[in-house]
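Shown next, in structure tokens, is the structure this report addresses.
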Amino acid sequence: MDYTQERVATLHDYGDADPDAPTGRAAVVVPMTDREYAGLAPERVFSELERVDPAEVVVPLRAPAERVPEFRDWLAEFDVPLTVLWCDGPRVEGLLDDAGLAGERGKGRDVWLALGVAARHDYVVVHDADTTTYEARDVRKLLFPLAEGFDFAKGYYARVENDRLYGRLFRLFYEPLVDALADAHDHEVLDFLGAFRYALAGECAMTADMARGLRVQRRWGLEVGTLGEAFRLAGTDGAAQVDLGRYEHDHRAVSGPTGLSEMSEGVGAALFRAVEDAGVAVDYDALADRYLDAADRFVRAYGADAAFNDLDYDGEQERAQTRTYADAIAEPGADTRLPAWTDTSLDAGDVAAAAAADAEEAAATAGDSSDSATDGEP
């Protein structure tokens with residue numbers, strides 16, 4: 001436990017912090033995919049949200065049409081003011097296409113759609129649905145800084161489970177990469193990005209104005225891209241981070257589709273986009289070696305920390321991961337971010353109505369298919 005402050009305001013939990021917060025003026029955005037249907041972690045999350053009493057819970061859902069009806073029925077069992085925003089329906093796709101916003105689909109795009117809808121309330125909280133240690137007070141803790149005049153709040157927590165250190169992409173890629181950049185460039189954006197104790201956490205809160213002003217990564221890199229936008233929109237004095245204690249959720253393999261190595265490419269691109277937006281001219285040719293030197297120092301430090309706590313730790317395996325992540329150090333390429341809602345012709349109310357109509361049509365189609373199957377029985 002500590003009480004030190006970072007470059008951004010840092011709010012610590014010294015025991016059972018549960019501050020008063022304006023939950024009745026906030027929408028909670030919980031992005032989901034069909035693989036999370038009726039899972040233990042989402043069950044806990046939505047059961048806890050029943051105790052939060054937010055103004056609205058917006059669930060941007062990425063799922064095939066045949067899965068939408070049962071997903072909506074399951075979510076409707078929870079006593080929360082629910083809006084299911086099916087992101088893959090034809091009407092929503094048509095609106096995006098008409099607005100010139102068609103493109104890659106992923107978590108970032110889903111969250112961006114939900115932000116527009118959720119910003120009809122004063123505050124917006126965003127978090128994932130895969131956390132088995134989730135508590136209702138997490139929402140109140142994230143919202144508290146906004147009531148104190150901050151525009152943005154980020155959650156942080158320790159990733160220690162099963163006698164091991166997790167949070168590998170943060171510890172072994174993001175953290176040493178920011179350190180290497182800061183070693184080469186004296187710039188406030190790097191002080192800002194390095195101040196967050198778990199920059200890849202999906203838990204954050206923001207004012208409605210900021211939600212409407214965010215440019216959002218379409219797929220990987222959502223969390224880092226949001227930090228870059230927080231620097232642009234709120235600045236160091238307008239941002240805070242909040243201690244959420246202990247979090248446990250799913251872990252990814254390093255290699256393979258949706259593995260950490262693929263994610264590192266999106267995280268790296270989002271990070272480099274953020275620092276370039278702020279005016280930093282990155283020397284990519286020299287950066288990979290600087291990163292590996294910094295990563296070696298971090299591996300040594302994390303190894304000592306693990307030994308201090310009698311945790312399992314394989315330093316050579318972690319160094320091997322850093323060599324894999326080094327391949328992600330490259331210029332960010334074309335900017336495919338979704339623009340701020342304030343810079344589009346799209347209307348969030350139209351999106352919500354289109355998503356609802358798409359979901360109703362999917363439910364009707366599923367019902368027709370069920371009736372046809374029944375009619376065919378002997």
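The values are calculated or read from the model by the stated rules, or taken from the named source; none is laboratory data. Just so you know, these numbers come straight off a predicted model, no measurement behind them. Counting neighbours? That spans all protein chains shown, and the Cβs are built from the backbone with ideal geometry, glycine included. With ligands, DNA and RNA removed, areas are computed over all heavy atoms of the protein, side chains included. Shrake-Rupley method; radii C 1.70, N 1.55, O 1.52, S 1.80 Å.
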Accessible area per residue in Å² at 1.4 Å probe, computed on the chain: 43
Among beta bridges that DSSP assigns inside the chain, antiparallel share in %, nearest 5: 30
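For region 255-366, what is the relative contact order in percent, using Cα pairs closer than 8 Å and at least 6 residues apart in sequence?
Relative contact order for region 255-366 comes out at 35 percent.
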Accessible area of region 110-269 belonging to carbon and sulfur atoms, whole % at 1.4 Å probe: 42
Net dipole in debye of region 1-120 [+1 Lys, Arg Cβ; -1 Asp, Glu Cβ; about Cα centre; nearest 20]: 440
Crossing angle, helix 284-308 versus the chain [Cα axis fit, 0-90 degrees, rounded to tens]: 90
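Using only Cα atoms, what is the ratio of the radius of gyration of region 124-178 to 2.2 N^0.38 Å?
Working it through for region 124-178, the quotient is 1.38.
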Loop-located trypsin sites (Lys or Arg not before Pro) in region 27-82, at most 16 other Cβ atoms within 10 Å (DSSP): Arg51
Equivalent ellipsoid semi-axes, the chain, via Cα gyration tensor eigenvalues times 5, rooted, Å: 35, 23, 22
Of all accessible heavy-atom area on region 300-356, the percent that carbon and sulfur account for (1.4 Å): 44
